[in-house]
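Note sheet for the following structure.
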Amino acid sequence: MSSSITAAEFRNLVSSGHRVELIDVRTPVEFQEVHVQIARNEPLDRLDPKAIQGSRKGATSEPLYVICRSGARGKQACEKLLAAGLTNIINIEGGTTACVEAGVSVVRGKKAVSLERQVRIAAGMMVFAGATLGYFVHPYWIGLSAFVGAGLVFAGITDTCAMGMMIARMPWNQVKAEVTPTAATSSTSSCKDAATGCCN
């Protein structure tokens, strides 16, 4: 079971000058839109506990804070990290939304549609399509609406969302890597630590 901290408590912790390690498990596009200034992006659909552990550089006994948009994906990430053997993992309640409201320092970029909204849009379109096709084409199409409904019930009970994980991998939820002249001309040896953020 992962522990948690409120956004206000996290703001006070950051303000106190303590060393704070924070990973944001939203999609790259969501992260680009707005993120806590000290956060680094580790999307939930690609979360690698071993890589996270390796990037901590001896600070494995220190708390690792996890954040998402509103707290649900952060909780899933915490459970995944704990199951892999990592310890002292702390979820930020209310996620980035709560941190913005609490006055935590954030970086803002291009506006994006959150993953939660994308899931609602996709599910709604599939239910509508199933009902419409079931009425005008063949009753069997109603099964599509039933399938989506069952999936939403399952997602609510288990607090997981297969549709969300699929949508997170879509091209529009990724950020194209920009190659700067400095990065292009840097030595090969400087990119050996890409997993720790050197060339990411």
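Read-outs throughout are calculated quantities, based only on the coordinates presented, and are distinct from any laboratory measurement. Computed from a prediction, not measured in an experiment: that's the story for all the values here. Virtual Cβ from ideal backbone geometry, glycine too; neighbours counted across all protein chains shown.
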What is the set of long-range amide H partners of I90 at a cut-off below 5 Å, with H atoms built 1.01 Å from backbone N? L64, Y65, V66
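Determine Rg/Rh for segment 115-173; Rg is computed over alpha-carbon atoms and Rh is the Kirkwood hydrodynamic estimate from the same atoms. Write down the numbers at each step before the final one.
Working: Rg = 12.5 Å, Rh = 12.0 Å.
When Rh is taken as the Kirkwood radius, the ratio is 1.03.
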Listed here are the pairs K110/K176; K50/K75; K111/K176; K75/K110; which of them are more than 20 Å apart at the Cα? K75/K110
For A72 and Y140, extending 7 Å from Cα along the Cα-Cβ vector and measuring point to point gives, in nm, a value of 3.2
Antiparallel content of DSSP bridges confined to segment 17-146, in %, to 5: 25
Can you put K75, K176 in order of Cβ neighbours within 10 angstrom, beginning with the fewest? K176, K75
Calculated FRET efficiency for the pair R19/Q53, C-beta based, R₀ 25 Å, to 0.05: 0.90
Could you give the angle, 0 to 90 degrees to the nearest 10, between helix 72-83's Cα long axis and the longest principal axis of the Cα atoms of the chain? 60
Any chance you could list P(r) for the chain, counting all Cα-Cα pairs in 10 angstrom bins from zero, rounded to whole %? 8, 30, 32, 19, 8, 3, 0
Largest-first ellipsoid semi-axes for segment 3-108, taking √(5λ) over the Cα gyration tensor eigenvalues, angstrom: 19, 16, 12
Using θ = phi - 60° and the Karplus relation 6.51 cos²θ - 1.76 cosθ + 1.60, list the HN-Hα couplings for segment 36-41 in order, rounded to whole Hz, with x at every Gly or Pro. 4, 3, 8, 7, 10, 7
Qualifying trypsin sites (Lys or Arg not before Pro) for segment 1-56 [loop in DSSP, other Cβ within 10 Å: at most 13]: R19
Ordered by residue, what ³J(HN,Hα) values in Hz, to whole numbers, does segment 121-133 give under the Karplus form 6.51 cos²θ - 1.76 cosθ + 1.60, where θ = phi - 60° and Gly and Pro are x? 5, 5, 5, x, 5, 5, 5, 4, 4, x, 5, 5, 5
With point charges of +1 on the Cβ of Lys and Arg and -1 on the Cβ of Asp and Glu, referenced to the Cα centre of segment 1-99, which listed residue (L64, Q53, A77) lies farthest in the positive direction of the dipole? Q53
Using the count of nearby Cβ atoms within 10 Å as a rough guide to exposure, how do I92, I38 rank from fewest to most? I38, I92
Using θ = phi - 60° and Karplus 6.51 cos²θ - 1.76 cosθ + 1.60, couplings along segment 156-169 (whole Hz; Gly, Pro as x): x, 6, 8, 6, 10, 8, 5, 4, x, 5, 5, 5, 4, 8
